[in-house]
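Scroll down for the structure; my scribbles are underneath it.
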Amino acid sequence: MLKTLGSQIKEFKKDSVLTPIFMILEVVMETIIPFLMASIIDDGVEKGDIHHIYVVGGCMVVMAVLGLVFGVLGGKYGARASAGFARNLRKAMYENIQTFSFSNIDKFSTAGLVTRLTTDVTNIQNAYQMILRMCVRAPFSLICAMTMAFLINAKLASIYLIAVIFLGGCLAFIIHHATRYFNQVFEKYDDLNASVQENVSAIRVVKAYVREDYEKKKFKKASENVYRMFVKAESLLAWNTPLMQFTVYACILGISWLGAKMIVVSSLTTGELMSLLTYCMNILMSLMMLSMVFVMITMSMASARRISEVLNEEADIKNPMNPIMEVKDGSVVFENVNFSYKKDAKSYVLKDINLNIKSGETIGILGGTGSAKSSLVNLITRLYDVSTGKVLVGGVDVRDYDLEVLRNEVSVVLQNNVLFSGSILDNLRWGDKDASEEECRHACELACADEFIEKMPDKYNTHIEQGGTNVSGGQKQRLCIARALLKKPKILILDDSTSAVDTATDAKIRKAFAEEIPNTTKFIIAQRVSSLQSADRIIVMDDGCISGFGTHEELLDGNKIYREVYESQTAGSGDFDEKGGM
Amino acid sequence: MPGPMNGPMKGPQPQGKPKGVEQPGKLFRRLMSYIFKNYGFACVVVVICIVITALSSVQGTMFMQTLIDDYIIPLTKSEHPDFSGLLHAIAKVAVFYLCGVAAAYAYTRIMVNVTQGTLKNFRDDMFLKMESLPIKYFDTHAHGDIMSCYTNDIDTLRQMISQSIPQLISSVITIVCVLVCMLRLNVLLTMVTLLMVAVMLGITKILAGLSGKYFMEQQKNIGIVNAHIEEMMNGQKVVKVFCHEEESIDKFNQLNDELFHSSDNANKYANILMPINAQIGNVSYVICAIFGGILALNGYGGFTLGALASFLTFNKSFNMPINQVSQQLNSVVMALAGAERIFALLDEKPETDEGYVELVNAVEQPDGTVAESEKRTGIWAWKHFHKADDTITYQKMEGDVVFDHVDFGYNDEKIVLHDIELYAKPGQKIAFVGATGAGKTTITNLINRFYDIQDGKIRYDGININKIKKADLRRSLGIVLQDTHLFTGTVMENIRYGKLDATDEEVIEAAKLANADGFIKRLPDGYNTMLTGDGKNLSQGQRQLLAIARAAVADPPVLILDEATSSIDTRTEKLVQQGMDRLMEGRTTFVIAHRLSTVRNSDCIMVLEQGHIIEKGTHDQLIEEQGKYYQLYTGKIANA
């Protein structure tokens, strides 16, 4: 896992190495300064050698300036290394996600991917900077200060050794227990926030059923619970400061007492005593710092794991070795196709599918929720791979085509379709980068989108908000159809793409298809029989199997499911208006 | 979700927008008084403890002088050193130190309660306030913004209350004490120290300004990158279908690089502040050492070696808290911005309710009048309390709703419903039909007073709905919303939401009525299956069935059904339809219809267009008229 992450440091390796080096140099300066200090007092002040004070003082200033330079450089490289590392992580993840197939995306979920690219990367950036700057600095500072202390007086310095072991042990104990508590608390805390979120989005339900008091009571109980758990966890951490102070004070007093005795018998100088006391702070502060770094690392481990999962995920649909670069025609053949979303699944989502569709045919697909209509068409563009059997487009197995070639010739309008922020033209040109405004307008006319676009303030330059929130459901669907048409595909698949379009417009779109793009093979998935009735042939899906395949009249005659659906939707249509716009 | 990673030991982090706060002083006072309200005594104890801790630390530093001047130097000069005096002095210091340590524990421990307690109070108050706010508030505020009050803003407050404030108090006390001690030891050296502090503050100001500028830029870029990521991840499948990967990567790399540059700069300036100040501190130390050394050597003003040692320690203790204060200020500013948003939520005006007419269970008496009943009888009555003569009268609840020339707009400038006239007799079924945005849902939201009307009157059994207590008005109306929202909990609990004291049998009965029983039984744990994340593991149709069951168990006299628009398959649709039909029996029902079968047998169909009722009548009447309804219904344009 860490190896995966580490390989993304790349061009920031230099910064990553320089940071700790400069931190170490800074520590060296910091450690030498108290040593020189002792020399000023002992050899300068006590012996009345003002020249010595100047020389050593001058040295100290030089040390301080060097320390400053090293510190600044360490800070600069540290910032660059961590910000760069974060950039590379985001870039690597983003690029890998672009290679993902649909099933890879399903595995992580959209929200999961967003969190990994944002919050998790920020956590790693902070942790990495901390590691570069503190992980080397703190232990080194501890060792340096300790060494100096031992050089000055080994006997007194052993007090520090005891102090370090004592404080280190206590901190380890506290952190060990605290992290466990905190993990529990944060889980509950997340639950609490999730329930707030739930209340915000369901506020109408709460108000309609007059359940404000009930929700308040429920929330107060949960919030009381979170409060108690937080107090329990943080009370443990409350020991940190007093423990640290206790150890420092104990050292100061111990050193003062023993040091005084030694000075009296001349085995220690006053200056040395002062230096020892300075090192005391250095040693224990480093220890404290180390414990903080440790906590930070533990907390960012979860983020590191989630990021490396994305980086290590391999796309399960790849281009073949010698791809075929041309799709001959729009014929589609399914040969003994079985399909399941998971490799090791026991039962198939699509079972034993055999179809033979000629180029230019219009095929309707009907079936209940979960009858695998979308799964069927998704195999044609190779959004998923079949488990067994073959899907042929233009007489060639879809797995032999170059993916981009295949997807440019087989255009899908997905069920959950998305528009992107940008102008209407920008969105349309997803279908064809170089499409002229005239071509875009023509595609919109076919999709019956032209009429409402013309009514918009900036027409084709109207800005679409993120997620297409400023157009209604029906308008969005029509724009998506126009976008797919711009590819001028050999096969066009509409996956329930006119569900929010009113019946009249729906009919107009179908009519335009029949007249303007007669040679394109069209697959239309719909709930409304009226949308399918005019198709050349209709596939009735039931629980992953083809229950019927034929013309409207044939099915009405011989297929029970089809007849049932038809009868329940008698007279005109079942729908009134443009739906889904709210 | 931000939250779990904001551990207890993480340093101050710029979250949210570090924008300037208006009137920070006033806000700070308000925050303090909010904390004081519940933890006044605790706060006083904390301040006292912090003072004790700071003083004990200062006395320890002062002891260095005594140690060298009064003990070590005399002892080195004496023939037979007597250490008992020193031991005594050390013991005394030790006692002070112990007091300091005890006080330190006391205040950190109390602060845990103060911090967490205050955060809990904030959370509770926010939630309580939120539940009482009118629907309009939720329309006009992004849900993400409301949520960030509970997450980001609370987190910055945690940082400030638990760390910044105690540290500020302790730093100020230390600074004052140390300054006094330094002045007592040597005025000249103190001036030198202060001069260096001034330099330090000057540099801090410049660097903090630069770093702040880049942090803002970083924050802005993070926002842009996150928005891009969110948009592209949501549309990732479309990206695949259109082979748009390359373009998507190019755009991302560009944004990502911009973020890198601002993040690099922001962290750079923040990082170099510490070493610069620390080294200026060291230089200050050296200068004092040299000056002090010269002074001590020449014995000016009786300045001793011990005094120099002490002074140098003070010099170091003086620089540290100043460094800390400058670091904490940033997190205080951020927390105040958070506090401002939280207080803004707390200051929102709750839904008002001047209603006085209550809804009570009733029994019919032999003489035809109704009387109040303790038990649920299936009959309801409006209970009028007449203030004038202090009497109570009852009126049977029938479910008769009248709209009398109603105008409505979400704000006064833009009226969206014009002159709505509507009569629903008890038990009638009224259907609304029309294009998206015609105002169908809005009309139903007026009946239960989610919004208040601008002009005209709505009467419920002849009573102006403004006179009915909101809670009772809403209790009398069952609503099945277009978008089904479910709560985390079991299926049973979700249905019971309609009537909290419903028995399991009642719940199952309601589920059967709504046609939901069948699929619930097939769920892994039946009625005890846990639903999470708004029931994401259920299909749209199943969620709707549960919403209908929820309304069924409430058993309200009047129903409002907003038919779901998302496509559900025909079989489930049939089940939903049957469920709704059974629920509607014998109740006054308003239904926002999208499907023909729902509308056809309505007593009256209202066709809405742009906030006006353009046609009304029964199905047959409207078909005959060959107007808009005919057009919608047949998919044909009349006379074309």
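A few notes on this one:
- Counted over chain A, the DSSP beta bridges are approximately 50% antiparallel.
- Simple spin-label estimate for B:Lys396 and A:Arg228 gives 5.1 nm between the two label positions (7 Å along the Cα-to-Cβ direction from each Cα).
- Complex-versus-alone comparison for segment B:539-565, residues with a loss of 50 Å² or more in accessible area, probe 1.4 Å: B:Thr565
- Rounded to the nearest 20, the Cβ-based charge dipole of chain B about its Cα centre (Lys and Arg +1, Asp and Glu -1) stands at 1960 debye.
- For the residue pairs A:Lys3/A:Lys318; B:Lys129/B:Lys213; A:Lys218/B:Lys387; B:Lys383/B:Lys616; A:Lys318/A:Lys508, alpha carbon separations beyond 30 Å are given by B:Lys129/B:Lys213; A:Lys218/B:Lys387; B:Lys383/B:Lys616; A:Lys318/A:Lys508.
- Of the residues in segment A:153-189, those shielded by at least 40 Å² of accessible area once partner protein chains are present, compared with the chain alone at a 1.4 Å probe, are A:Phe186, A:Tyr189.
- Cut-off 16 Å (backbone N to label point 7 Å along Cα→Cβ of B:Val187), residues of segment B:288-311: B:300-303
- Placing R0 at 35 angstrom, the Cβ-Cβ distance between B:Lys205 and A:Ser267 gives a FRET efficiency of 0.15 after rounding to 0.05.
- For A:Lys522, the aspartates and glutamates whose Cα comes closer than 16 Å to its Cα, not counting residues fewer than 8 places off in the same chain, are A:Asp329, A:Glu361, A:Glu409, A:Asp495, A:Asp496, A:Asp506, A:Asp536.
- Label point at B:Tyr423 placed 7 Å out along Cα→Cβ; residues across segment B:438-457 whose backbone nitrogen lies under 19 Å: B:456-457
- Where labels lie 7 Å past Cα in the beta-carbon direction, separation of A:Asp316 and B:Glu624 in nm: 6.2
- Here segment A:417-488 is treated with +1 on each Lys and Arg Cβ and -1 on each Asp and Glu Cβ, and its dipole about the Cα centre works out to around 280 debye.
- Against the rule of thumb 2.2 N^0.38 Å, how large the Cα Rg of segment A:2-312 comes out: 1.35
- Mean sequence separation of contacting Cα pairs (under 8 Å, at least six apart), scaled by the length of chain B, corresponds to a relative contact order of 13 percent.
- Each Lys and Arg adds +1 at its Cβ and each Asp and Glu adds -1 at its Cβ; summed about the Cα centre, segment A:221-378 shows a dipole of about 480 debye.
- For A:Gly259, the shell of other residues with beta-carbons less than 14 Å away shows a net charge of 0, using +1 for Lys and Arg and -1 for Asp and Glu.
- The share of accessible area on the protein assembly as shown that comes from carbon and sulfur is 57 percent, using a 1.4 angstrom probe.
- When peptides B:137-144, B:256-263 are ranked by their average number of other Cβ atoms within 10 Å per residue, the highest-first order is B:256-263, B:137-144.
- Shielding of A:73-80 by partner chains, average beta-carbon count, 10 Å: 6
- Cross-link reach list, aspartates and glutamates versus B:Lys77, counting only Cα pairs under 15 Å and skipping chain neighbours closer than eight places: A:Glu46, B:Asp69
- Think of a 1.4 Å ball rolled over the protein heavy atoms: the protein assembly as shown then has 41 Å² of accessible area per residue.
- Debye intensity ratio I(q)/I(0), log10, segment A:247-334, q values 0.12 Å⁻¹ (C-alpha model): -0.69
- When each of A:Lys188/B:Lys120; A:Lys207/B:Lys375; A:Lys342/A:Lys560 is checked by Cα-Cα distance, pairs over 22 Å: A:Lys207/B:Lys375; A:Lys342/A:Lys560
- Given R0 = 25 Å, the distance between the Cβ atoms of B:Cys99 and A:Ile165 translates into a calculated FRET efficiency of 0.45.
- Using the Cβ-Cβ distance between B:Asp139 and B:Asp455 with R0 = 22 Å, the FRET efficiency computed as 1/(1 + (r/R0)^6) comes to roughly 0.60.
- Counting DSSP beta bridges with both ends in chain B, the antiparallel % (nearest 5): 65
- Modelled spin-label separation between B:Lys467 and A:Lys217, with each label point placed 7 Å from Cα along the Cα-to-Cβ direction: 3.2 nm.
- Set A:Lys47/A:Lys155; B:Lys429/B:Lys574; A:Lys14/A:Lys91 screened for pairs whose C-alpha atoms are more than 21 Å apart: A:Lys47/A:Lys155
- Gyration tensor verdict on segment A:306-434 (Cα atoms; rounded if a/c is under 1.5, prolate if a/b is larger than b/c, oblate otherwise): rounded
- Under 10 Å, Cβ to Cβ, from A:Ala482 - net charge with Lys/Arg +1 and Asp/Glu -1: +1
- All other residues whose Cβ lies under 14 angstrom from that of A:Glu313 are scored, Lys and Arg at +1 and Asp and Glu at -1, for a net of 0.
- Residue order by solvent-accessible surface for A:Val337, B:Val180 is B:Val180, A:Val337, largest first, with ligands and nucleic acids left out and a 1.4 Å probe.
- Mean Kyte hydropathy of 1.6 or more with a Cα span along the axis of at least 15 Å, helices from DSSP in chain A: A:137-152
- Bridging of A:Lys221 to aspartates and glutamates at a Cα separation below 14 Å is possible for A:Asp191, A:Asp213, B:Asp124, B:Asp125, once same-chain residues fewer than 8 apart are set aside.
- Expressed to the nearest 5 percent, the antiparallel share of DSSP beta bridges inside the protein assembly as shown is 60 percent.
- At least 50 Å² accessible surface lost relative to isolated chain, residues of segment B:300-318 (1.4 Å probe): B:Leu305
- For segment A:417-488, the tally of Lys pairs with Cα-Cα distances below 18 Å comes to 5, considering only residues 8 or more apart or on different chains.
- Interface area, A with B, accessible, probe 1.4 Å, both sides summed, Å² nearest 100: 14800
- Rounded if a/c under 1.5, otherwise prolate or oblate - segment A:417-488, Cα gyration tensor axes: rounded
- Mean projection area, nm², convex hull over Cα of chain A: 38.2
The values are calculated or read from the model by the stated rules, or taken from the named source; none is laboratory data. Bear in mind that the values here come from a model prediction, so they are computed numbers and not experimental data. Glycine also receives a Cβ, built like all others from the backbone with ideal geometry; neighbour counts cover every protein chain displayed. With ligands, DNA and RNA removed, areas are computed over all heavy atoms of the protein, side chains included. Shrake-Rupley method; radii C 1.70, N 1.55, O 1.52, S 1.80 Å.
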